[in-house]
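Participant: The structure follows.
Read-outs throughout are calculated quantities, based only on the coordinates presented, and are distinct from any laboratory measurement. Quick caveat: nothing in here was measured; it's all calculated off a predicted structure.
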Amino acid sequence: ARPLLALIDETRTRLENLTPRRADLIANYREVLDAPLLKQMLTAGVLDGGTILRLFNFVLDSVQRLEAPARSDRTLAWRSQFDAYIQGLVAANAAANPTPNPAAAAGTDGGAGAGAGVEVQ
């Protein structure tokens, strides 16, 4: 947990240093990348993979807005590869830990057919 929070704090600081005259962006970085709040969420057990992915996407969006257009193609390609990697992890996790479908197990799926009620996270 500590390395994640330190990384988030360092990322926020670096983004702030890139935009020292943009109080609006700095306020946004501090709101979203709030290490004490994230620590509370982690301690309470509510900081899940989806939240971490949203934080990562926030950072990537911020970097993309600040970077030179000449580098955007490389960043977009990297992001596309990362998204594919994450989707692969989600699919592997779903296959390893299928969500039970109580209606299908009871034979009351209403004729919806195979795959009905499957939730993808």
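Participant: I'd like the distance separating the alpha-carbon centroids of the stretch 1-47 and the stretch 56-87, in whole Å.
Facilitator: 19
Participant: Hey, another quick one. Take the Cα gyration tensor of the stretch 24-95, multiply each eigenvalue by 5, square-root it, and list the three semi-axes largest first, rounded to whole angstrom.
Facilitator: Values: eigenvalues 115, 95, 5 Å².
Values for the stretch 24-95, descending: 24, 22, 5 Å.
Participant: While we're here: Quick check: residue separation of residue 86 and residue 37 times 0.36 nm, minus the Cα distance between them. What number comes out in nm?
Facilitator: Values: separation 49, 0.36 × 49 = 17.64 nm, distance 2.46 nm.
Result: 15.2 nm gained on full extension.
Participant: Tell me, what is a quarter of the convex hull surface for the C-alpha atoms of the stretch 1-60, in nm² with one decimal? Let's see the in-between values first.
Facilitator: Details: hull surface 15.2 nm².
Mean projected area for the stretch 1-60: 3.8 nm², to one decimal.
Participant: Also, I was wondering about something else. When only Cα pairs under 8 Å and 6 or more residues apart are kept, what is the percent relative contact order across the stretch 1-78?
Facilitator: 28
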